[in-house]
Every structure is written in structure tokens, then in C-alpha cells.
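This report concerns only the one structure given below.
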Amino acid sequence: MSRPLRSTVAFLGTAVAALGLASPAAVADAPAPASAVRIHSAAYGGCLTAEGSAYRDPRGTSRPWLVALQPCEDAPAYRQSWRYSPDTRQYQSVAEPYRCVERRGGLLVTSLCDADSAAQRFRVERVSGSGGGRVKVVAEADGRVWEQVARRGAWGEG
């Protein structure tokens, strides 16, 4: 093998290995960080879940980047975990760290994080008398309320 060809093969092998390490599948079994929260809907039950780019709804319709309400126990923790930034008032996905929750019409999706997007901003309000540290998550664009369990606990909730 000639020297330029060996260099090219070595470079491509390194690039493929790096891409494999950076892929979502490489962190699929990783637990969500302790600073992450799960957002639970008190009205409908279940937790907000980032479905990813290849998601199809039960009818087979492609719904990339949908944020769906799934049973809290059924989806991997990293897909249901979000980090809140009080500075930008955005929820960032742990599964796709560059994507934030955004309201599009009647749907919640993850979009590329944009601090100027009103559809990505949420207020966090303490629920009085909750004792357990519950808060309400309110979409600033339309006032829709989601309930959030305070922090991750022994059961992986929150």
C-alpha cells in the first residue's frame, strides 16, 4: 500500500471511529445527568419524550423531532430528560443537546435551540402547598401548563 493511501485509510478509520463515538446509539444506555428533569403531564399522564429524527407515529406518518407524551417507565431516561436554562428559559434535550422544546401549532417538537424564539421559552412556577417541590412549566407563547416533578429521585422521575 502506498504512503498516501495508508494515510487516507488511517484518517477515514479515525473519522468513522469518532462518528461512532459521537452517535446517539453510543450513549443510548447512558443514564440522564442528575441536573436533568422529566416533564410529566398531570392532565394526561406520561412524560415528554424526545422521539428523534426517524420517529413515525402509530399510523406510520413521519414526525421527525416530535416531543411525544409516553409512559414514564417505557422510554429510555435520556430521551425523557431535559435541562432547563433560566437565562434563556428553554428546555434542552439530553438526547439531542443542540435541540430545545418548541411549540409548533398543537405539537411540541425539538428544534435547533434559538434563544430568540418565543415558541421555545417556558416559565417555571412553584406550585404552592405541593410539599414535594413541584413546579408548573408554562409555555410563554400560549400559556399551556405542564407539571414537572422536582428532581430525579430514586425512581428516576423528576
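The values are calculated or read from the model by the stated rules, or taken from the named source; none is laboratory data. Not measured: the values here are computed from a predicted model. As a convention, Cβ positions derive from the backbone with ideal geometry for all residues, glycine included, and neighbour counts pool all protein chains shown.
Quick notes
- Restricted to the range 126-148, and to residues there that are at pLDDT 80 or above and more than 20 Å from the chain's Cα centre (by Cα), the residue that is surrounded by the most Cβ atoms within 10 Å (Cβ to Cβ) is Asp142.
- Contact map, the range 89-102: first residue outside the structural domain of Ser53 (by TED's automatic domain parsing), second residue assigned to a strand (DSSP E or B), Cβ cut-off under 8 Å, separation 6 or more or different chains; the map is empty.
- Residue in the range 45-58 that is modelled with pLDDT under 80, surrounded by 12 or more Cβ atoms within 10 Å (Cβ to Cβ) and of a type outside the set (A, V, I, L, M) present: no
- Being surrounded by 20 or more Cβ atoms within 10 Å (Cβ to Cβ), among the aliphatic types (A, V, I, L, M) and assigned to a loop (DSSP other than H, G, I, E, B) is a condition met by no residue of the range 107-114.
- Positions within the range 43-89 being assigned to a loop (DSSP other than H, G, I, E, B), β-branched (Val, Ile, Thr) and in contact with a strand residue (DSSP E or B) (Cβ under 9 Å, 6 or more places away or on another chain), in sequence order: Thr88
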